[in-house]
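Peer 1: The structure that follows is given in the form of structure tokens.
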Protein chains: 2
Amino acid sequence: MFIQIEPQSDVPIYEQVTRQIIEGIARGEMKPGDTLPSVRALAADLGVNMHTVNKSYHELEAKGIIVIRPKSGAIISSTEERALTPDQLRQIEKNLKPVVAEGMVLGATVEQIEHMMKKVFADLQIPAEGV
Amino acid sequence: MFIQIEPQSDVPIYEQVTRQIIEGIARGEMKPGDTLPSVRALAADLGVNMHTVNKSYHELEAKGIIVIRPKSGAIISSTEERALTPDQLRQIEKNLKPVVAEGMVLGATVEQIEHMMKKVFADLQIPAEGV
DNA sequence: ATATTTGTTATATATCTAATATAACAAATT
DNA sequence: AATTTGTTATATTAGATATATAACAAATAT
């Protein structure tokens, strides 16, 4: 598995798992229809508790990114199943805001921030504007 | 004061205070050299405990955004005092990444995300590219 | 000079989150 | 038939969040 846990991060373990699975999907390393490892298997792999992975999976399900089939497994939902509601768009914007604001106050220029966005897109293997 | 607390947010109160002060500085509502209200005054204003505001101020100081002069007050540091170290730039990129990744996986296009960035810049009253 | 305000420090308490540990259940899969 | 699955339950530990109250000593205001 591609997931790497930083035990002393201020980001909770279940949140690290959630983020890295999302990034894996964004990169295309995992596609819709693919099954995630069982909570027990991934937990053993990462050296964490089963419930920690379970919490992450349910967070992913709440976001509409996976579907959990009880007693069976977790499947990455198709892009058609993912609505992208106005609420979700608003939430993304709400999440971007404090990061950008902090960057600006610390002295970053608009160009620097946009350059970082391009790096993030590139890291997610998404064709960025004018690349 | 311009700060509005959402008591039932999943974002801790001290973090809400920190973010809104940063946004206030980004918008130019507060300038370098300005003093923040005393922790007691702001706490009373917001209806929260003194220590909650104090924690926020120390977070701002750790980020290099304000300087706390004991027994005196908290002053917004000058842009010259703010280094913008490679570490800070890396941190900003690290903060942007999960937000962008989630947006993409939920089905947002690069254009939609860049449009949201422009809205954020506009909200922070920063002239965005080609506006 | 005196009184007030300031951030600091200390102690205490309550609540919530995060994480682990263990166990059992019943359905799905092998 | 045996194993694996997500689920549910209970319990414990540790840390974060937030409040409450109090006192201290330096800075500021009157």
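The values are calculated or read from the model by the stated rules, or taken from the named source; none is laboratory data. Bear in mind the structure is a predicted one, so any value in this text is a computation, not a measurement. Reconstructed Cβ throughout: ideal geometry from the backbone, glycine too, with neighbour counts over all protein chains shown. Areas reflect the complete protein model, heavy atoms only, side chains present, ligands, DNA and RNA absent. Shrake-Rupley method; radii C 1.70, N 1.55, O 1.52, S 1.80 Å.
Peer 1: With label points built 7 Å along Cα→Cβ from the Cα atoms of residue A:90 and residue B:51, find their separation and express it in nm.
Peer 2: Those two pseudo-labels are separated by 3.5 nm.
Peer 1: How much of the accessible area of the protein assembly as shown, in percent, comes from carbon and sulfur atoms when a 1.4 Å probe is used?
Peer 2: About 51 percent, which is the carbon plus sulfur part of the accessible surface.
Peer 1: Just to be sure I understand: with springs between alpha-carbon atoms less than 10 Å apart, which residue in B:13, B:66, B:113 has the highest mean-square fluctuation in the Gaussian network model of chain B?
Peer 2: B:113
Peer 1: Under a point-charge model restricted to the Cβ atoms of Lys and Arg (+1) and Asp and Glu (-1), what is the dipole moment magnitude of chain B relative to its Cα centre, in debye to the nearest 20?
Peer 2: 380
Peer 1: What stretch of chain B, leaving out the sites themselves, is the longest with no GluC sites (Glu not before Pro) in a DSSP loop having at most 11 other Cβ atoms within 10 Å?
Peer 2: Value returned for the longest uninterrupted segment is B:1-79.
Peer 1: Sorted by accessible area with a 1.4 angstrom probe, largest first, how do A:82, B:27, A:19, A:90 fall?
Peer 2: A:90, A:19, B:27, A:82
Peer 1: May I ask you to derive the relative contact order of segment A:31-84, considering only C-alpha pairs under 8 Å and at least 6 residues apart, and to give it as an integer percent?
Peer 2: Reported relative contact order: 41 percent.
Peer 1: Please give the FRET efficiency for residue B:69 paired with residue B:8, using the beta carbon to beta carbon distance and R0 = 35 Å, rounded to the nearest 0.05.
Peer 2: Approximately 0.50, to the nearest 0.05.
Peer 1: With axes computed from alpha carbons, what is the tilt in degrees of helix A:86-105 against the longest principal axis of chain A, rounded to the nearest 10 within 0 to 90?
Peer 2: 50
Peer 1: Find the centroid of the Cα atoms in segment A:55-90 and in segment B:40-104, then give the distance between the two in whole Å.
Peer 2: If you average the Cα positions of each part, the centres end up 33 Å apart.
Peer 1: On to the next question. Excluding ligands, DNA and RNA, what is the solvent-accessible area per residue of chain B at a probe of 1.4 Å, expressed in Å²?
Peer 2: 54
Peer 1: So what's Rg/Rh here for the protein assembly as shown, counting alpha carbon atoms and using the Kirkwood radius for Rh?
Peer 2: 1.00
Peer 1: Applying 1/(1 + (r/R0)^6) with R0 = 30 Å to the Cβ-Cβ distance of residue A:62 and residue B:119, what FRET efficiency is obtained, to the nearest 0.05?
Peer 2: 0.75
Peer 1: What angle, in degrees between 0 and 90 and rounded to the nearest 10, separates the Cα long axis of helix B:13-26 from the longest principal axis of the Cα atoms of chain B?
Peer 2: Approximately 70 degrees, to the nearest 10.
Peer 1: Let me check against my output: what whole-number percent is the relative contact order of segment B:1-100, with C-alpha pairs under 8 Å and at least 6 apart?
Peer 2: 24
Peer 1: Related question: May I ask for the accessible area buried between chains A and B, both sides summed, probe 1.4 Å, to the nearest 100 Å²?
Peer 2: 4600
Peer 1: Here is a follow-up. Starting from the Cα-Cα distance between residue B:44 and residue B:81, subtract it from 0.36 nm times their residue separation and give me the gain in nm to one decimal.
Peer 2: Here the answer is 10.3 nm.
Peer 1: Across all directions of projection, what mean area in square nanometres is found for the Cα convex hull of chain A?
Peer 2: 9.5
Peer 1: As a quick test, which of the pairs A:94/B:71; A:97/B:55; A:118/B:55; A:71/B:97 have an alpha carbon distance above 31 angstrom in this structure?
Peer 2: A:94/B:71; A:118/B:55; A:71/B:97
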